[in-house]
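Please read the structure below before turning to the comments.
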Amino acid sequence: MDLTLLRKFQGFILIVVIISLCASTGLSLYAHVYMTNNLGAGTIIYLHCLRNSKEMGHQQIPYNWTCQWKFKISSPGTLLCEADLQGAKQLQFMAFDFFKNTCIDDCHWNFTQRGVFQNVNGEWKLQYNWPH
């Protein structure tokens, strides 16, 4: 193949390689954090989260429902949340940490009577106990 022709297409080839790598690794520009209420019928979780100290809003999650936060991960950061069970129990926890988190772009959390679990590589692992 002619070297001049190869040089003309080198930018195009680089873009194709980058897109292929992103597609094969599942790399995403967004993080999705899912939080599911499995505490029992009639129980509502009140969630409030901050992304790098920026307000992400309040959510009310009825039993057996899931809410989602979606944000760009173009810069490192955290998603700090507070869960409140109708004033009975409060828990502050790190739902997403760019450097320490076990999830890359999809973080799944499950609130149960036993505690707060995170799905890590297909397994539900206890991450936080409810305060007494």
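The values are calculated or read from the model by the stated rules, or taken from the named source; none is laboratory data. In this text the structure is predicted, and so the values were computed from the model without any measurement. Using ideal geometry, Cβ is built from the backbone for each residue, glycine included, and neighbour counts are taken over all protein chains shown.
A few comments on the model shown:
- L14 fulfils the conditions (1) modelled with pLDDT under 60; (2) surrounded by fewer than 10 Cβ atoms within 10 Å (Cβ to Cβ) except for a single criterion, (2).
- The set of residues in region 17-42 that are modelled with pLDDT of 90 or more, more than 18 Å from C107 (Cα to Cα) and not aliphatic (A, V, I, L, M) comprises G40, G42.
- Residue among F111, F117, F96 that alone is over 14 Å from the mean Cα position of the chain (by Cα) and surrounded by 14 or more Cβ atoms within 10 Å (Cβ to Cβ): F111
- Condition met for L85 (within 18 Å of V116 (Cα to Cα), buried (at least 17 other Cβ atoms within 10 Å of the Cβ) and not β-branched (V, I, T)): no
Residue-by-condition table, conditions (1) part of a strand (DSSP E or B); (2) touching a His at 6+ places or on another chain (Cβ under 8 Å); (3) among the basic types (K, R):
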{"position": "G40", "(1), (2), (3)": "no, no, no"}
{"position": "Y46", "(1), (2), (3)": "yes, yes, no"}
{"position": "L80", "(1), (2), (3)": "yes, no, no"}
{"position": "F93", "(1), (2), (3)": "yes, no, no"}
{"position": "F99", "(1), (2), (3)": "no, no, no"}
{"position": "C103", "(1), (2), (3)": "no, no, no"}
{"position": "W124", "(1), (2), (3)": "yes, no, no"}
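- Any hit, region 61-78, residues being assigned to a strand (DSSP E or B), under 20 Å from Q92 (Cβ atoms) and modelled with pLDDT under 80: yes
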